[in-house]
Amino acid sequence: MQVTETLNEGLKRGYAITVTAAELDEKVNEKLVEAQPEIEMKGFRKGKVPMALLKKQFGQRLMGEAMQESIDGAMNKHFEDSGDRPALQPEVKMTNEDWKEGDDVNVEMSYEALPEIPEVDFSGIELEKLVVKAEDEAVNEALANLAETAKEFEAREEGAAAEDGDQVVIDFVGKIDGEAFEGGAGDDYPLVLGSNSFIPGFEEQLVGTKAGEEKDVTVSFPEEYGAEHLAGKEAVFSCTVKEVKAPKAAEIDDELAKKFGSDDLDALKGQIAERLEAEYAGAARAVLKRALLDKLDALVSFDLPPSLVDAEAKQIAHQLWHEDNPEVHDHNHGEIEPTEEHVKLAERRVRLGLLLAELGQKAEVEVTDAEMTQAIMSQARQYPGQERQFFEFIQKNVQMQQQLRAPIFEDKVVDHIVGQAKVEEKEVSKDELQKAVEALEEE
């Protein structure tokens, strides 16, 4: 077998591989010798079929296997000897398409090699970690929001008109062209005006009604309404207002705390403070991570495989196009050409991706089964009632597993780097942290 270099330009590599006819014949013979003891043929005992007859019967079928194994073996040996790691699956094609038995096999292999990643001294990287304490004002604001969710409604005085934010208890029957339709009726329904829980325009028409009053509410179902037989149609709902109730905020006290599973108000405040500080820490980590990636991007430079940059740029352009055109849900559109800005962002992502992958490999960073299970469970919560099906889908889908594993791996590599860098904590306010996060989103 002969391997000859035909291209070595930047990261692009090309090789001509020749597998001789003699090598192929030898490999076919090896396969026949290996199989001979188990082969039975009419007129011969098991394992006693002559080699010449076996070759005539099975040789052509085994030739394809021998060719593939020889080429794969040559490629594997090349990568082992050269130390090259292809950025994408190598392109392999047979050049003598008129090949016939007895000829050598000539193959061309081309690929882009992953670059050599330079060493990085993390001790010279200086980072700032923002720290935000849960202030009394933020805790009290969260308490007020909890009290709002726990509010109750009490009857307004007799003859009082319903206001926005009030709860009206109604009986209703909906009709289209004078005919009642399925799912369009209800009794003793507690509807909070302004909650937007009914069809647009419905709740506004009940503002100003009084207990005992009857009112026809005319609305049109949205064109994109889930029930096709109702979408876009006008309906009239005959409503009877039975009660009008005003909202009454829950008292912020020990009783409220018990409703949310805490022993008393102080314990609830403590839990809220912990939750807020956990949220702040998550936001601060995002700021720290971006700062680290910016420093690594400026610190490290190496050649990038053009195919990876091109693929990433096209993906970025495609994603941003769909964000600008949310009404298009499929991919039946023309090709989207990446801009210079897309290519620049792609280069950054590819550079940092290769760097983090290399650093993670050298540091022997691994994603544990427990971490993967936690990630899958987190995703499964988005499909209530179908968690089992989601788990089974992930187990069978290697690409989805990789999509879940990649961000966990990246975060662990970031933690590894941060652990060796110079990190200074800086206490800031919630508003200052918010501005730092908003700055990330604007970039």
Query raised in the report: Hey, among the residues in region 106-119 that are buried (at least 17 other Cβ atoms within 10 Å of the Cβ) and either modelled with pLDDT under 90 or touching a Ser or Thr at 6+ places or on another chain (Cβ under 7 Å) (or both), which one's nearest to Val309 (Cα to Cα)?
Result: Glu112
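Does region 136-174 hold any residues that are assigned to a strand (DSSP E or B) and open to solvent by 90 Å² or more (accessible area, probe 1.4 Å), and which are they?
Matches in region 136-174: Glu152, Glu154.
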Report task. Test each condition in (1) modelled with pLDDT of 90 or more; (2) over 22 Å from Glu26 (Cβ atoms) for Asp98 and report the one that comes out false. Result -> (1)
Query raised in the report: Would you call Val217 in contact with a Lys or Arg (Cβ under 6 Å, 6 or more places away or on another chain) and modelled with pLDDT of 95 or more?
Result: no
Query raised in the report: List pairs: first in region 187-211 and outside any loop (DSSP other than H, G, I, E, B), second polar (S, T, N, Q), Cβ under 6 Å, 6+ apart or cross-chain?
Result: Pro190/Gln167; Val192/Gln167
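I need a count of the residues in region 27-53 that are acidic (Asp, Glu) and within 19 Å of Met75 (Cα to Cα). Quick ask: steps written out before the conclusion?
Here is the first cut: in region 27-53, the residues acidic (Asp, Glu) are 30, 34, 38, 40.
Of the ones still in play, those that are also within 19 Å of Met75 (Cα to Cα) are none.
Matching residues across region 27-53 total 0.
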Report task. State whether one or more residues within region 62-73 are charged (D, E, K, R), open to solvent by 80 Å² or more (accessible area, probe 1.4 Å) and either under 30 Å from Thr4 (Cβ atoms) or in contact (Cβ under 8 Å) with a residue 60 or more places away in the chain (or both). Result -> yes
Requested in this report: For Asp253, indicate whether it is over 30 Å from Glu438 (Cβ atoms), at pLDDT 95 or above and surrounded by fewer than 14 Cβ atoms within 10 Å (Cβ to Cβ).
Outcome: no
Requested in this report: Go through region 218-243 and count every residue that is open to solvent by less than 60 Å² (accessible area, probe 1.4 Å) and within 12 Å of Ile170 (Cα to Cα).
Outcome: 5
Query raised in the report: Is it true that Gly178 is open to solvent by 40 Å² or more (accessible area, probe 1.4 Å), farther than 15 Å from Val241 by Cα, out of contact with any helix residue (DSSP H, G or I) (no Cβ under 9 Å at 6 or more places or on another chain) and at pLDDT 90 or above?
Result: yes
Query raised in the report: Of all residues in region 74-95 being open to solvent by less than 70 Å² (accessible area, probe 1.4 Å) and part of a helix (DSSP H, G or I), which is farthest from Val28 (Cα to Cα)?
Result: Ser82
Report summary line: Result of the Cβ filter at 8 Å on region 314-326, keeping first residues that are under 13 Å from Leu345 (Cα atoms) and partners that are assigned to a loop (DSSP other than H, G, I, E, B) and of a type in the set (Phe, Trp, Tyr), at least 6 apart or interchain, is none
Report task. Could you list all residues from region 367-386 that are outside any helix (DSSP H, G or I) and free of Cβ contacts under 8 Å to residues at least 40 places away in the same chain? Result -> Thr368, Arg381, Gln382, Tyr383, Pro384, Gly385, Gln386
Report task. Collect the residues in region 256-302 that are in contact with a Lys or Arg (Cβ under 6 Å, 6 or more places away or on another chain) and either at pLDDT 95 or above or within 18 Å of Val131 (Cα to Cα) (or both), keeping them in residue-number order. Result -> Leu288
Requested in this report: Just give me the residues in region 387-429 being part of a loop (DSSP other than H, G, I, E, B) and either in contact with a strand residue (DSSP E or B) (Cβ under 6 Å, 6 or more places away or on another chain) or open to solvent by 100 Å² or more (accessible area, probe 1.4 Å) (or both), in sequence order.
Outcome: Ala421, Val428
Report summary line: Over region 353-370, the set of residues within 13 Å of Arg405 (Cα to Cα), surrounded by fewer than 16 Cβ atoms within 10 Å (Cβ to Cβ) and of a type outside the set (Ser, Thr, Tyr) is Glu366, Asp369, Ala370
Query raised in the report: Can you name the residue in region 323-352 that is touching a Leu at 6+ places or on another chain (Cβ under 8 Å) and not aliphatic (A, V, I, L, M) and, of all such residues, is most open to solvent (accessible area, probe 1.4 Å)?
Result: Glu347
Report task. Please tell me if Leu404 is in contact (Cβ under 8 Å) with a residue 60 or more places away in the chain and either of a type in the set (A, V, I, L, M, F, W, C) or more than 20 Å from Leu11 (Cβ to Cβ) (or both). Result -> no
Query raised in the report: Somewhere in region 158-168, is a residue in contact (Cβ under 8 Å) with a residue 12 or more places away in the chain and under 30 Å from Asp25 (Cβ atoms)?
Result: no
Requested in this report: Report whether or not Leu304 is within 28 Å of the chain's Cα centre (by Cα) and not in a helix (DSSP H, G or I).
Outcome: yes
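The values are calculated or read from the model by the stated rules, or taken from the named source; none is laboratory data. Owing to the predicted nature of the structure, the values given are computational and were not obtained by experimental measurement. Glycine also receives a Cβ, built like all others from the backbone with ideal geometry; neighbour counts cover every protein chain displayed. What goes into the accessible areas is simple: the full protein's heavy atoms, side chains included, and nothing from ligands, DNA or RNA. Shrake-Rupley method; radii C 1.70, N 1.55, O 1.52, S 1.80 Å.
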